[in-house]
Amino acid sequence: MAKLLAYSLVSIVPPPFKTEYIVGIAEDDGVRTPVRIDRSHLKNLKIGMSGTITTRETDQGEIKYFTPEEVKLEGGKVALVTGAARGIGRAIAIELAERGYDIALNDIETSTDGEETIKEIQSLGRRALFAVADVSSYSDVQKMVNMVVEKFGRIDVLVNNAGINIDRLVTNMSPLEWQKVIDVNLTGVFNCTKAVLPHMIAAGGGRIINISSQGALDGPVGQANYAAAKGGVVSFTKVIAREYAQYNILCNAVAPGCIRTRMTDSIPPGQLRERVSKIPLGRRGEPGEVAKLVAFLAEDGTYITGQLILINAGEYI
Ligand code: NAP
């Protein structure tokens with residue numbers, strides 16, 4: 001087993017990208033070796049800690065890496081899921097809990113649905129916290145994120161899921177109805193991302209998954225506010241991916257098609273039947289199916305960032 005003698009975070013700024021990585025010296029059997037260390041270990045590094053030295057083939061040739069012995073975290077990894085009392089957010093929270101995450105469950109207010117979701121997560125042996133906040137209010141979001149970090153110590157995954165729709169033709173849409181949907185669906189994503197990023201940077205990395213919509217792509221009649229917000233989420237996702245890759249923060253967006261939740265239950269039955277008849281798989285998607293995709297994007301070791309991933313059974317190709 002090797003010992004870490006020294007380490008330092010090195011920043012290099014070759015335009016247009018900035019990169020940061022950790023270099024160190026590790027000693028094994030009296031032999032000192034210059035090593036690199038994955039940035040995700042930054043928060044847990046300590047001089048004198050044990051670990052293993054391995055050799056990796058990289059584009060820059062063979063590089064020695066030091067991997068610290070597994071550091072026991074208090075509790076598991078932590079995911080903050082917004083709008084998670086019901087629907088797709090609830091399914092994402094439960095899927096992540098099943099995969100070992102402690103969950104900070106955000107919604108705009110406490111509710112029986114939210115309490116039931118909390119109980120279900122706890123019955124899986126994970127910690128769960130109701131984090132009430134209106135995502136469209138930055139001060140609310142900042143308080144919520146501080147509370148989650150205080151209680152759970154970290155946020156490894158942020159899922160920006162909270163969303164609303166107020167559907168009208170533009171001629172009938174009031175400026176207030178336009179603004180409300182932009183505030184929750186787009187500004188809410190900015191608010192939560194901005195509040196969480198400093199914690200992810202300090203911890204050496206993270207995953208941000210934004211729930212966009214097929215509506216960002218196919219120009220849905222009556223949803224100008226919703227489509228514009230969800231399209232904005234896609235553009236925002238790409239910028240975050242570029243700006244924070246240097247900190248090992250990966251950011252992707254998911255665009256669901258027609259998923260069986262309250263949002264699509266409210267479509268008049270005739271219209272819903274017609275829509276479903278155009279879906280090649282012939283049915284609405286289940287929230288759990290979206291949750292599995294989100295959980296995959298939350299995993300370590302994916303080579304995916306800045307992408308929009310469609311989940312729609314071929315309704316939009
Ligand atoms: P849903 O069942 O209506 O759930 C949305 C959740 O977000 C609700 O719990 C809601 O709380 C919460 N919420 C609303 N405004 C909020 C705010 N300001 N702050 C915090 N939480 C808030 O909808 P869903 O179908 O699961 O949708 C989840 C996400 O997927 C949304 O972003 C939606 O646009 C997107 N999406 C859905 C579909 C679909 O077919 N269902 C398709 C594409 C994209 P309240 O109930 O208390 O209002």
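Selection of the range 204-245 for residues being under 21 Å from residue 82 (Cα atoms), more than 16 Å from the ligand (Cβ to nearest atom) and aliphatic (A, V, I, L, M) yields 239, 240, 241. Given (1) open to solvent by 20 Å² or more (accessible area, probe 1.4 Å); (2) in contact with a His (Cβ under 7 Å, 6 or more places away or on another chain), identify the lone condition not met by residue 155. Of everything listed in (1) open to solvent by 20 Å² or more (accessible area, probe 1.4 Å); (2) in contact with a His (Cβ under 7 Å, 6 or more places away or on another chain), residue 155 misses just condition (1). Considering only the range 86-105, I want to know if a residue exists there that is closer than 19 Å to residue 152 by Cβ, more than 10 Å from the ligand (Cβ to nearest atom) and either open to solvent by 50 Å² or more (accessible area, probe 1.4 Å) or in the same structural domain as residue 6 (by TED's automatic domain parsing) (or both). Looking through the range 86-105, at least one residue is closer than 19 Å to residue 152 by Cβ, more than 10 Å from the ligand (Cβ to nearest atom) and either open to solvent by 50 Å² or more (accessible area, probe 1.4 Å) or in the same structural domain as residue 6 (by TED's automatic domain parsing) (or both).
Quick check on this structure: which one of 288, 306, 301, 282 is within 14 Å of the ligand (Cβ to nearest atom) and not hydrophobic (A, V, I, L, M, F, W, C)?
Values: 306 fails: within 14 Å of the ligand (Cβ to nearest atom); 301 fails: within 14 Å of the ligand (Cβ to nearest atom); 282 fails: within 14 Å of the ligand (Cβ to nearest atom).
Checking each option against the conditions leaves just 288.
Taken together, the residues in the range 158-175 that are away from the ligand (no atom under 12 Å from the Cβ) and open to solvent by less than 30 Å² (accessible area, probe 1.4 Å) amount to 2. The requirement of being in the same structural domain as residue 23 (by TED's automatic domain parsing) and more than 18 Å from the chain's Cα centre (by Cα) is not satisfied by residue 108.
Listed by first and then second residue, the pairs linking a residue in the range 177-199 that is more than 17 Å from residue 235 (Cβ to Cβ) to a residue that is open to solvent by less than 10 Å² (accessible area, probe 1.4 Å) and of a type in the set (S, T, N, Q), with Cβ atoms under 9 Å apart and 6 or more places separating them unless they lie on different chains, are 177/225; 178/225; 179/225; 180/225.
The values are calculated or read from the model by the stated rules, or taken from the named source; none is laboratory data. Because the structure is predicted, anything quoted here is derived from the model rather than measured. Backbone-built Cβ (ideal geometry, glycine too); neighbour counts: all protein chains shown. Accessible surface areas use protein heavy atoms only, side chains included; no ligands, DNA or RNA. Shrake-Rupley method; radii C 1.70, N 1.55, O 1.52, S 1.80 Å.
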